[in-house]
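I have placed the structure first, in the form of structure tokens, so that the comments after it can refer back to it.
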Amino acid sequence: MRIRRVVTTRAGGGSKPPYDSFNLGAGVGDDRGAVADNRRRLATELGLQPDRLVWMEQVHGRNAEVVDGPRTAAVEATDAIVTAEPNLALVALCADCVPVLLADPEAGVVGAAHAGRVGARVGVLPAALAAMEKAGASTERIEVLLGPSVCGECYEVPAAMQADVETHLPGSACKTRQGTPGLDLRAGLWRQLADAGVAKIGLDPRCTVEDRTLFSHRRDGTTGRLAALTWVEPEDQP
């Protein structure tokens with residue numbers, strides 16, 4: 001089994017400002033036709049049929065669901081999805097939150113999670129790991145990519161909020177570039193995964209606020225959403 005992982009940028013789509021141009025989020029106010037066209041283009045570029053992309057109705061929670069085939073609509077009220085079905089791409093949408101891609105290459109199980117401040121605090125990644133084990137994965141074999149998100153130097157929060165998140169996600173508290181209380185969610189998630197027994201953790205270091213090729217709600221307010229996708233590709237597939 002080969003594990004495929006893709007993270008999109010703002011470029012290459014048909015959405016007009018302020019969603020320009022490759023917005024893949026259907027619930028942010030963009031023209032629905034433009035979003036549908038962007039999603040079809042994404043599938044085509046990946047060599048997949050559009051119905052082989054599984055989307056989530058993300059709600060900043062900790063629900064994780066195992067899917068075994070295409071869905072005609074986004075998986076309701078969930079922030080992590082898992083599958084062992086080949087060529088079924090799982091999608092997490094973000095614009096500052098952390099997209100997390102998980103895989104057990106030996107078992108052929110993959111997962112995608114949307115981990116914002118609230119979801120990370122309430123345990124969306126432990127839920128994703130549990131769902132992967134339910135689908136046949138082993139935590140010791142799982143590999144994880146923490147995708148681009150707002151960095152700790154740019155993520156200022158009230159001191160009380162920082163303390164609360166740190167209590168539930170140790171390692172996330174930090175100082176911003178201005179020396180004020182901040183959160184580094186990727187640092188906290190890294191520690192959480194390592195403590196759970198995940199040995200292979202990769203990090204896309206890009207900050208969505210600093211990198212204008214990426215969507216950022218904190219920087220721009222009304223904006224689009226990038227996608228982080230993963231799927232299992234059979235070894236004998238050309």
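No lab work stands behind these numbers, since they all come straight from the coordinates. Computed from a predicted model, the values in this text were never measured in an experiment. Cβ sites come from the backbone with ideal geometry, for glycine too, and all protein chains shown count toward neighbours.
How about the stretch 161-194: which of its residues are touching a residue at least 60 places away in the same chain (Cβ under 8 Å) and outside any helix (DSSP H, G or I)? Don't jump to the end; show me each part of the working.
Let us first name the residues in the stretch 161-194 that are touching a residue at least 60 places away in the same chain (Cβ under 8 Å), namely 183, 185-186, 188-189, 192-193.
Leu183, the sole residue that qualifies.
Pick from Ala103, Ala26, Ala92: which is in a strand (DSSP E or B), small (Gly, Ala, Ser) and touching a helix residue (DSSP H, G or I) at 6+ places or on another chain (Cβ under 9 Å)?
Details: Ala26 fails: in a strand (DSSP E or B); Ala92 fails: touching a helix residue (DSSP H, G or I) at 6+ places or on another chain (Cβ under 9 Å).
Step by step, each of Ala103, Ala26, Ala92 is checked, and only Ala103 is in a strand (DSSP E or B), small (Gly, Ala, Ser) and touching a helix residue (DSSP H, G or I) at 6+ places or on another chain (Cβ under 9 Å).
Taking the stretch 139-192, which residues are within 19 Å of Val7 (Cβ to Cβ) and of a type in the set (S, T, N, Q)?
Scanning the stretch 139-192 gives a single hit, Ser149.
Could you check how many residues of the stretch 210-238 are under 15 Å from Tyr19 (Cα atoms) and assigned to a loop (DSSP other than H, G, I, E, B)?
Applying the first criterion (under 15 Å from Tyr19 (Cα atoms)) to the stretch 210-238 yields 212-227.
Narrowing further to those that are assigned to a loop (DSSP other than H, G, I, E, B): 212-216, 221-225.
Within the stretch 210-238, residues that are under 15 Å from Tyr19 (Cα atoms) and assigned to a loop (DSSP other than H, G, I, E, B) number 10.
Can you tell me which residues in the stretch 29-75 are within 11 Å of Val91 (Cα to Cα) and part of a loop (DSSP other than H, G, I, E, B)?
Once the filter is applied, which keeps residues that are within 11 Å of Val91 (Cα to Cα) and part of a loop (DSSP other than H, G, I, E, B), the stretch 29-75 yields Trp55, Glu57, Gln58, Ala74.
Contact list please: Cβ distance under 6 Å, first residue in the stretch 16-42 and more than 17 Å from Gln58 (Cβ to Cβ), second residue assigned to a helix (DSSP H, G or I), pairs at least six apart or on different chains.
Phe22/Asn38; Arg40/Pro50
In the list Leu226, Leu183, which residue meets the criterion of being within 29 Å of Arg39 (Cα to Cα) and either buried (at least 23 other Cβ atoms within 10 Å of the Cβ) or aliphatic (A, V, I, L, M) (or both)? Even if it seems obvious, please write down each step before you answer.
Details: Leu183 fails: within 29 Å of Arg39 (Cα to Cα).
Answer to the check: Leu226.
Go over the candidates Leu90, Leu101, Leu46, Leu42 one by one and state the one that is within 28 Å of Ser138 (Cβ to Cβ) and surrounded by fewer than 24 Cβ atoms within 10 Å (Cβ to Cβ).
Leu46
With (1) touching a Gly at 6+ places or on another chain (Cβ under 6 Å); (2) part of a loop (DSSP other than H, G, I, E, B); (3) aliphatic (A, V, I, L, M) as the list, and Val198 as the residue in question, which single condition is left unmet?
(1)
Go over the candidates Asp37, Asp30, Asp96 one by one and state the one that is out of contact with any strand residue (DSSP E or B) (no Cβ under 9 Å at 6 or more places or on another chain), buried (at least 21 other Cβ atoms within 10 Å of the Cβ) and of a type in the set (Asp, Glu). Walk me through how you get there before you give the answer.
On the way: Asp37 fails: buried (at least 21 other Cβ atoms within 10 Å of the Cβ); Asp96 fails: out of contact with any strand residue (DSSP E or B) (no Cβ under 9 Å at 6 or more places or on another chain).
Going through Asp37, Asp30, Asp96 in turn, just one is out of contact with any strand residue (DSSP E or B) (no Cβ under 9 Å at 6 or more places or on another chain), buried (at least 21 other Cβ atoms within 10 Å of the Cβ) and of a type in the set (Asp, Glu): Asp30.
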